[in-house]
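First comes the structure, then the notes that go with it.
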Amino acid sequence: MKRADPRVGQGSLSVSVRVFLVDDHAVFRSGVRAELSRETDMEVVGEAGGVAEAVAGIDAARPDVVLLDVHMPDGGGVAVLTGIADGPVCLALSVSDAAEDVIAVIRAGARGYVTKTISGAELADGIRRVAGGDAVFSPRLAGFVLDSFTGRSPVPEPPLDPELDSLTPRELEVLRLLARGYTYREIAETLFISVKTVETHASNVLRKTQQSNRNALTRWAHRRRIE
C-alpha cells in the first residue's frame, strides 16, 4: 500500500492520511474524530469499539494508520495487531503508561505508543510521523522499549509457548470463543464464516494444542488467560 507522505508542501497536491480509530469508548472516539477533522491532510475512514469489529473494519477500510487502544475486552490492542493483515501502521493510544503495556504492543507490531494526555496537535503530528515511517513515543516511554532490547527491562520476556504460537490469528479467535462457551453456530455468526469452517479451525486448534476434547481445551485456554 502506498503511504501518504506527511512532508507534502504547500505547493503540492494534498495527500490525506487515512486513519482508523479503535477504542471501546465511543465518546473518546468522537473526540478524536473531531480533533482530526481539523487537519486538512487527514481522513478518518472508520472506527470500532471491539477487537473483532476492528479487525474486520481495518481489513475492509485499508487505512494508512490505526489509532489503537491498548486495554479493551477480548484481548485488547495486542489481539487487533495479531489479527489484522499487513498494511497499516499502528499507533497505540492509551491511558496507561505502564512499561508492560508499552512493550507488549510494540512486540506485537505497533509503530509507536502515546498516552491520552497528548494534545490534538501532537496526536496529528504523531500520526503523520508514523505514516512517514518514524517511530513515535510519548516522553519517557521510548526508554521502556530501549531497555527491553538491551536486556535491562524490568518486564520479563513472555515465556515460549510453542502450542499457542502455532495457532493462526483466526484459530486464536476461534479458541477464544470456544473458551467462552460459544457454539459452533454462534462462532460462525460472530466471525462471519461457515459452521464447516469453524469445525475445521476447531479441529486444528485441538490438534495443535494436543487437547482431546472441548472441555480440556477450555481449561487449557483458561490456564493461559485466553478469554
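The values are calculated or read from the model by the stated rules, or taken from the named source; none is laboratory data. Quick caveat, the model's predicted, so the values are computed rather than measured. Here Cβ is always computed from backbone atoms with ideal geometry, including for glycine, and neighbour counts include all displayed protein chains. Ligands, DNA and RNA are excluded from the accessible area calculation, which covers all protein heavy atoms including side chains. Shrake-Rupley method; radii C 1.70, N 1.55, O 1.52, S 1.80 Å.
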Open item on the list: I'd like to verify a number: residues in region 62-100 that are among the hydrophobic types (A, V, I, L, M, F, W, C), open to solvent by 30 Å² or more (accessible area, probe 1.4 Å) and closer than 20 Å to R176 by Cα, how many?
Closed with: 2
Task: Enumeration of residues in region 127-138 that are under 22 Å from S37 (Cβ atoms) and among the charged types (D, E, K, R) - done: R128, R129
Task: Which listed residue, of A99, A54, is among the small types (G, A, S) and more than 10 Å from the chain's Cα centre (by Cα) - done: A99
TODO: Any residue in region 104-126 that's within 21 Å of E39 (Cβ to Cβ) and free of Cβ contacts under 8 Å to residues at least 24 places away in the same chain: show its pairings with residues that are acidic (D, E) and open to solvent by 50 Å² or more (accessible area, probe 1.4 Å) at Cβ separation under 9 Å, as long as the two are six or more apart or on different chains.
DONE: T117/D97; S119/E35; A121/E35
- [ ] Tell me which residues, restricted to region 175-227, are open to solvent by 50 Å² or more (accessible area, probe 1.4 Å), of a type in the set (S, T, N, Q) and either touching an Asp or Glu at 6+ places or on another chain (Cβ under 7 Å) or within 19 Å of V51 (Cα to Cα) (or both).
- [x] T190, Q210
TODO: Could you tell me which numbered condition A142 fails, if it satisfies all but one of (1) under 23 Å from R219 (Cβ atoms); (2) at pLDDT below 85; (3) surrounded by 14 or more Cβ atoms within 10 Å (Cβ to Cβ)?
DONE: (1)
Task: Residues being closer than 20 Å to G76 by Cα and in contact with a helix residue (DSSP H, G or I) (Cβ under 6 Å, 6 or more places away or on another chain) - total across region 174-189 - done: 5
- [ ] Kindly indicate whether D59 is open to solvent by less than 20 Å² (accessible area, probe 1.4 Å) and at pLDDT 90 or above.
- [x] no
